[in-house]
1. Sum -39500 (n - 2.57) across every DSSP H segment of at least 4 residues in the chain, then divide by the residue count to get the 222 nm mean residue ellipticity, nearest 500.
2. Please express the shape of region 74-185 as an equivalent ellipsoid: the semi-axes are the square roots of 5 times the eigenvalues of the C-alpha gyration tensor, given largest first in whole angstrom.
3. Have a look at ASN168, MET21, GLY145 and report the one farthest towards the positive end of the charge dipole of the chain, computed about the Cα centre with Cβ charges (Lys/Arg +1, Asp/Glu -1).
4. So which trypsin sites (Lys or Arg not before Pro) in region 132-185 are both in a DSSP loop and have at most 13 other Cβ atoms within 10 Å of their Cβ?
5. With point charges of +1 on the Cβ of Lys and Arg and -1 on the Cβ of Asp and Glu, referenced to the Cα centre of the chain, which listed residue (LEU52, VAL131, ALA36) lies farthest in the positive direction of the dipole?
Amino acid sequence: MSEVSLAPGRRLSEIRQQLGMSQRKAAELSGLTHSAISTIEQDKVSPAVSTLQKLLRVYGLSLSEFFAEEHKSNEPRIVINAADLIEIGSRGVSMRMVHNGTPNHTVAMLLETYQPGSTTGDKIKHQGEEVGTLLEGEIILTVNGQSYPLRAGQSYAINTANPHSFSNISTRICRIVSAHTPNTF
């Protein structure tokens, strides 16, 4: 079976094994439980983005490198079709990353969709800056414990080293376009 066809949990398992690391060691280094890593690697659950980032940090990979492995090509693409966007979200939050196939890019762009009642969950924290614009709906952006209600047409700019999360407490879908630098995805 080629790496391209592997489910995310199975790919995480192979990467960990290639590094010669046990599940217990990966759990210790990532701050996750051994049980959580086992469940993820068996593809019984899809990890939240923050959980995936914790594991990939231990493995020395960014999200874009992890997902680019699935979409390797000889030449970076200029035009990326909607069907080629890379889904990195979970639990009612779709985060589709625009990626041209090269792991060496300095900015990440996401098309985000939040179903009613969905949230990014745990506070996200990573190096860099993020800017975004709400295209549709409403969202609550929480940064350092302070909540900011945003509506369609409004934008935000945050230092992503500060713990932050997004929650759609409305009954409508929310859509956001965002860019992140440096590329931590």
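1. On the way: 5 runs with 44 residues, N = 185.
The per-residue figure over the chain is -6500 deg cm²/dmol.
2. Details: eigenvalues 113, 55, 27 Å².
Computed over region 74-185, the values are 24, 17, 12 Å.
3. Selected residue: GLY145.
4. ARG172
5. ALA36
Since every read-out is calculated from the coordinates, none of them should be taken as a lab result. Just so you know, these numbers come straight off a predicted model, no measurement behind them. In this analysis, Cβ positions are derived from the backbone assuming ideal geometry, glycine residues included, and neighbour counts consider all displayed protein chains.
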